[in-house]
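Take a look at the structure below.
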Amino acid sequence: MKILGISAYYHDSAAALLVDGVAVAAAQEERFSRKKHDARFPQHAVRYCLESQGLLLSDLDAVVYYEKPLLTFERLLETYLGAAPRGGRSFVAAMQVWLKEKLFLKTEIKKQLAALAGDAEPLPQLLFSEHHLSHAGAAFYPSPFEKAAVLCMDGVGEWATTSAWLGDGSSLKPLWEINFPHSLGLLYSAFTYYCGFKVNSGEYKLMGLAPYGEPRFVEQIKEHLIDIKPDGTFRLDLSYFKFHRGFRMTGRKFHKLFGRPPRKGETELSQFHMDLAASIQVVTEEIVLKIARTLRDETGAKHLCLSGGVALNCVANGKLLREGLFEDIWIQPASGDAGSALGAALVAWHQHFEQPRQPVPGDAMAGTYLGPQFSNEQIATYLNDIQAPFHSLDDAALFERLAELLDQGKVIGWFNGRMEFGPRALGGRSIIGDPRNQQMQSVMNLKIKYRESFRPFAPSVLEHEVGNQFELQAKSPYMLLVAPVKKALCTPMTEQQQQLFGIDKLNVPRSQLPAITHVDYSARVQTVSERTNPRYFNLIRAFQRRTGCPTIVNTSFNVRGEPIVCTPQDAYRCFMRTEMDALVLQNQLLLKTEQPKEEADERWMQEFELD
């Protein structure tokens, strides 16, 4: 049986394909369209999923959309009517979109599928899941647990913003939910907006900013903005917000509370903004921990699964793991709406088609390596066509050469195997460097990623070495847990350094791995398994043999404002536009020094125009 899941029309559209209940392909539309957070119907992602398995649309047994649009429309109407006459302009703008397209989404999806199929192909049946059910399905069904509590927290689905479930075998039983407009995800997004970052994409920046600040606004937030009950449930004071009735996230009362208007993007970040980030992070962690404790007490479950946008808050996840409330937790690596395409397909497989579930050891996500891949032959043909000089090396020679380059402080673009599904680069489409290099963070941020200097980088560490590098005994294959760097590797700050605030902390050496050690001595850890990504594992092992260090820097293969690269063409362009020193496309190695700059610029421009 073949089932295609789709999420689209809000943000981060995606498609995912199941064959007999196994995820065989999944990708976000943005990777193909090159439009970050592309919300359009995922035609390229659907086409990839089908072509990767040699299928036609007519071969599918069902297509499943990840939510029920009419319930969302109901929520919009009730919310705007409740706020009237305020929010009139926002209501008119929203209704124009809904009456033109979203209200008739079933027809629109069938139209898009028909365009992909061609006139000759009959369309498979179209099913609809629910938003938080799709999140819960993505959280529980691929997990390694037979039975688990499931917690989904995001901005908003149809109505739910937080939902609790009990997964057992192939069943998912809803327990309770918190409904819009009371939303932890939207509260966090309100602070994201207020601190000058983009909603639905800048939340991870706010999380990265938090360690530079002091949580001095926690009580102010809890006294005025959110009422947190002992069981973790909560209610917002809506008089401070505008997200439920307007174009902006926060209102004048919010701005008056903190004594200034929202920061404009790209202007200077002050200690005030860092303290706000630290404060909302503390509040978020408190709520997540309280709800998790409540779920454990209500269900007696020994395991917990997480999904929804809030589950990408890896600092809260790390604290939850260290609290020891559950024997183990599992977090869906594509926890946002993109992952709900997979969740919707799994819900259809287990609930609509009533298929049994057999948990897979580790998990059933194939390391998230579910995207396109390219052969050495395809890559070599492309490089020859554009006359780019390169070296073809077997794995053993390539890894030794890369270990040497990394040891020399070089920054390398690593394009390997299948592309990852989800927001993290996990050794498929990564930029890598030496974590021991004191300059690596600033070089990568400013000369390669072109992004804010405060943002930290993550380590990829050999799975069996994680306990020697970090205060972490669990596996973290998806970079969704933050853990302290091992104390033996840390460098204590002097009394003078301890008096520093904010960004001034950035250049203080904090450990023997300065490029991945955040200002609070933590790191967002990825453990690398030989089972799921043997080439990436063996590359890091070659670096360890040369240097004694089983860890490298790993960041996503893209520049600021662009999606992660998908194809060799994307990777080559990114390589030419930045100050990366080398590019690896499977077994082909390109060195920047071997190309005259004029030729490199011309070649990149030619590629850009051809695309």
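The values are calculated or read from the model by the stated rules, or taken from the named source; none is laboratory data. Quick caveat, the model's predicted, so the values are computed rather than measured. Here Cβ is always computed from backbone atoms with ideal geometry, including for glycine, and neighbour counts include all displayed protein chains. Accessible surface areas use protein heavy atoms only, side chains included; no ligands, DNA or RNA. Shrake-Rupley method; radii C 1.70, N 1.55, O 1.52, S 1.80 Å.
So the values come out like this:
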item: Of all residues in the stretch 475-494 being touching a residue at least 40 places away in the same chain (Cβ under 8 Å) and open to solvent by 30 Å² or more (accessible area, probe 1.4 Å), the one that is nearest to Ala458 (Cα to Cα); result: Pro477
item: Candidate set: the stretch 228-242, residues that are more than 23 Å from Phe272 (Cα to Cα) and in a loop (DSSP other than H, G, I, E, B); chosen: the one least open to solvent (accessible area, probe 1.4 Å); result: Gly232
item: Test: residue in the stretch 271-288 that is assigned to a loop (DSSP other than H, G, I, E, B), open to solvent by 30 Å² or more (accessible area, probe 1.4 Å) and touching a strand residue (DSSP E or B) at 6+ places or on another chain (Cβ under 8 Å); result: no
item: All positions within the stretch 38-69 that are closer than 24 Å to Leu133 by Cβ and out of contact with any strand residue (DSSP E or B) (no Cβ under 9 Å at 6 or more places or on another chain); result: Ala39, Arg40
item: Residue among Gly308, Gly259, Gly265 that is open to solvent by 40 Å² or more (accessible area, probe 1.4 Å) and farther than 19 Å from Arg216 by Cα; result: Gly265
item: Tally, over the stretch 520-532, of residues that are open to solvent by less than 10 Å² (accessible area, probe 1.4 Å) and part of a loop (DSSP other than H, G, I, E, B); result: 0
item: Scan of the stretch 46-73 for residues that are open to solvent by 50 Å² or more (accessible area, probe 1.4 Å) and either outside any helix (DSSP H, G or I) or β-branched (Val, Ile, Thr) (or both), ordered by number; result: Gln53, Gly54, Leu56, Asp61, Lys68
item: Residue match in the stretch 432-442 (condition: within 30 Å of Ala138 (Cβ to Cβ) and open to solvent by less than 50 Å² (accessible area, probe 1.4 Å)); result: yes
item: Options Tyr521, Tyr450; residue that is on the phi > 0 side of the Ramachandran plot and in contact (Cβ under 8 Å) with a residue 60 or more places away in the chain; result: Tyr450
item: Cβ pairs under 7 Å, 6+ apart, first in the stretch 155-177 and under 18 Å from Gly309 (Cα atoms) and touching a residue at least 60 places away in the same chain (Cβ under 8 Å), second polar (S, T, N, Q) and open to solvent by 20 Å² or more (accessible area, probe 1.4 Å); result: Trp159/Asn179
item: Any hit, the stretch 536-555, residues being modelled with pLDDT of 95 or more, within 16 Å of the chain's Cα centre (by Cα) and open to solvent by less than 40 Å² (accessible area, probe 1.4 Å); result: yes
item: Single unsatisfied condition, Ser171 versus (1) touching an Asp or Glu at 6+ places or on another chain (Cβ under 7 Å); (2) within 24 Å of His350 (Cα to Cα); result: (1)
item: Any pair with Cβ under 6 angstrom, 6 or more apart, that starts in the stretch 294-310 at a residue that is among the acidic types (Asp, Glu) and ends at one that is open to solvent by 30 Å² or more (accessible area, probe 1.4 Å); result: none
item: Residue in the stretch 434-455 that is farther than 30 Å from Val310 by Cβ, in contact with an Asp or Glu (Cβ under 8 Å, 6 or more places away or on another chain) and at pLDDT 95 or above present; result: yes
item: Residues (open to solvent by less than 10 Å² (accessible area, probe 1.4 Å), assigned to a strand (DSSP E or B) and among the small types (Gly, Ala, Ser)) located in the stretch 16-45; result: Ala16, Ala25, Ala26, Ala27
item: Filtered residue count, the stretch 455-507, keeping only those that are assigned to a strand (DSSP E or B) and β-branched (Val, Ile, Thr); result: 3
item: Test for Asn445: is it out of contact with any helix residue (DSSP H, G or I) (no Cβ under 6 Å at 6 or more places or on another chain), over 30 Å from Tyr48 (Cα atoms) and open to solvent by 30 Å² or more (accessible area, probe 1.4 Å); result: no
item: Test result for Ile540, under 18 Å from Asn437 (Cα atoms) and not in a loop (DSSP other than H, G, I, E, B); result: yes
item: Hits in the stretch 345-369 - residues which are over 22 Å from Ile329 (Cβ atoms), among the hydrophobic types (A, V, I, L, M, F, W, C) and not in a helix (DSSP H, G or I); result: Phe353
item: Residue in the stretch 373-384 that is under 22 Å from the mean Cα position of the chain (by Cα) and either assigned to a loop (DSSP other than H, G, I, E, B) or more than 25 Å from Ser522 (Cα to Cα) (or both) present; result: yes
item: Hey, Ala341 crowded, with 17+ Cβ neighbours inside 10 Å, in a helix (DSSP H, G or I) and touching a strand residue (DSSP E or B) at 6+ places or on another chain (Cβ under 8 Å) or not; result: yes
